[in-house]
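J.: Below you'll find the structure I mean.
The values are calculated or read from the model by the stated rules, or taken from the named source; none is laboratory data. Quick caveat, the model's predicted, so the values are computed rather than measured. Cβ sites come from the backbone with ideal geometry, for glycine too, and all protein chains shown count toward neighbours.
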Amino acid sequence: MSAPSAPRGPAIEAAKPRNPLSRARIERISDRTVSAFGLVFGAQTFPTALAQLQHLKEPYGLVMLVLIFAGLLLTVGLAIVQRGVKPAMGTMAIVYLLALVAWPFIAVDGSAFAADKPWLWFLCSVFTAFAAVAYPLWLAIAYTFIAPLAYGVVRALPAGGGVGPELAGLDALYAIILGGVILAIIAMMRQASSAVDAAQSQALARYATAVRQHATEVERVQVDAIVHDSVLTTLLSAANARTPEQKELAATMAADAIGHLHAAEAAGPEDQSAAGLDRLVERLVTAAGAFSAPFEVDARDVADHSIPVNVAEAVYSASVQAMVNSTQHAGGPEVRRTLTIRGSSGTGVRIVVSDDGRGFSEEDVPAERLGLRVSIRERLSKVGGRASVETAPGRGTTVTIVWPAADGAGLDPRGVEDRLAFLPGHADGELGARA
């Protein structure tokens with residue numbers, strides 16, 4: 001009897017990354033590390049603060065001591081529970097600046113600080129680190145300079161020991177350097193983690209695209225198999241049918257093959273997720289920029305719109321096909337080409353691809369040319385959209401793509417007029433007559 005297999009759950013969990021580098025995790029690490037840093041320096045400074053309390057006016061010196069050290073303890077507690085850490089650090093940084101400003105007014109005997117520095121000096125790096133965590137980068141940089149310089153001024157005054165500008169300047173410079181190092185480390189960690197987050201988001205988007213492409217490929221293989229196994233077999237049977245019974249059997253087989261084809265066509269990838277219209281615009285702009293002939297792009301009302309993923313893929317493919325046709329058949333660089341994108345009704349989209357090139361007659365397009373009929377119109381009709389083409393020899397071409405198809409009547413026709421205004425014959429109504 002074989003031994004029972006081990007449960008798969010723990011093994012799967014063990015394979016997952018336990019400590020992924022992300023911006024949220026870096027923020028948590030920064031909060032806890034800097035708060036612990038403040039607690040250690042506060043514990044070292046507390047005896048000095050108690051010893052210097054007698055040289056400060058009562059009760060102001062005691063109030064200052066309680067506010068700062070109680071704030072350090074509170075920050076540590078908030079960092080542990082991850083609640084309100086940054087507001088607390090930002091508030092304590094302001095309290096520290098106010099304490100520096102108030103020091104000359106509450107110091108009774110400044111000569112006592114000539115040899116022993118005011119206890120606020122030992123916490124300068126702590127609060128510059130607090131500012132680096134709590135404030136935006138520009139404000140943290142400003143604080144890294146302001147707090148040490150304020151201490152330097154206090155240190156040079158009689159109330160801070162009156163050591164003179166040289167020694168006070170050295171103390172301030174030392175605090176600026178140490179605070180700058182801490183700020184640089186935090187900023188680099190944030191930048192690196194933000195880059196990782198962006199890379200992960202892009203990787204997930206590419207993975208989703210790859211999954212959709214794989215599903216499409218699987219569907220294509222399925223259709224090919226049906227064509228090979230059903231349609232070709234039916235055609236061979238029909239070709240060899242001689243008797244009425246054989247012909248009837250071939251007709252039945254043909255009906256079954258057509259049913260299989262319709263079923264395969266209807267069973268597309270089951271991705272019902274939504275895609276932002278702004279993302280579709282980015283892809284179309286990138287595609288338009290890749291052509292040798294430039295396109296003038298005008299996109300509006302796309303920020304808060306989204307459409308199903310399969311619709312986005314169909315609209316994108318049809319639009320690119322329209323741009324390919326314009327590049328290949330409308331003429332050279334002298335032709336003006338435009339790409340207009342509009343969102344509508346929250347979930348709709350309309351795209352117009354226009355040029356003032358040589359144009360064509362749809363009746364003259366050979367049957368084997370599938371770009372307009374299959375790549376654009378049929379692709380859109382399968383997802384509930386529609387495409388219309390307005391063209392004539394020497395009059396340019398305008399391809400209008402609308403989804404959903406019912407939105408066509410509700411869209412503002414002036415968008416098309418804006419795109420067609422430059423076409424020959426538009427001013428005298430010739431294009432309008434052809435429409």
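J.: Being at pLDDT below 75 and touching a helix residue (DSSP H, G or I) at 6+ places or on another chain (Cβ under 6 Å), is that true of even one residue in the range 213-223?
T.: Yes, the conditions are met somewhere in the range 213-223.
J.: For residue 419, all conditions in the list (1) at pLDDT below 80; (2) crowded, with 20+ Cβ neighbours inside 10 Å; (3) under 20 Å from residue 312 (Cβ atoms) hold save one; what is the number of the exception?
T.: Condition not satisfied by residue 419: (3).
J.: Find all pairs meeting these conditions: Cβ atoms under 7 angstrom apart; at least six residues apart or on different chains; first residue within the range 378-389 and outside the structural domain of residue 406 (by TED's automatic domain parsing) and without any contact (Cβ under 8 Å) to a residue 60 or more places away in the chain; second residue surrounded by 16 or more Cβ atoms within 10 Å (Cβ to Cβ) and hydrophobic (A, V, I, L, M, F, W, C).
T.: none
J.: Show me the helices (runs of 4 or more DSSP H) entirely contained within the range 57-167 in which 2 or more residues are loosely packed, with under 14 Cβ neighbours inside 10 Å and assigned by TED's automatic domain parsing to the domain that holds residue 35.
T.: So the answer is 60-81, 85-106, 137-156.
J.: Of all residues in the range 278-324, count the ones that are part of a helix (DSSP H, G or I) and within 24 Å of residue 216 (Cβ to Cβ).
T.: 27
J.: Would you mention how many residues in the range 184-208 are surrounded by fewer than 13 Cβ atoms within 10 Å (Cβ to Cβ) and either closer than 16 Å to residue 309 by Cα or in contact with a Lys or Arg (Cβ under 8 Å, 6 or more places away or on another chain) (or both)?
T.: 4
J.: Is it the case that the range 24-34 has a residue that's more than 49 Å from the chain's Cα centre (by Cα), closer than 30 Å to residue 106 by Cα and at pLDDT 90 or above?
T.: No: the range 24-34 contains no residue that is more than 49 Å from the chain's Cα centre (by Cα), closer than 30 Å to residue 106 by Cα and at pLDDT 90 or above.
J.: Can you name the residue in the range 320-344 that is closer than 15 Å to residue 360 by Cα and not aliphatic (A, V, I, L, M) and is also surrounded by the fewest Cβ atoms within 10 Å (Cβ to Cβ) among such residues?
T.: Restricting to residues being closer than 15 Å to residue 360 by Cα and not aliphatic (A, V, I, L, M), the top hit is 328.
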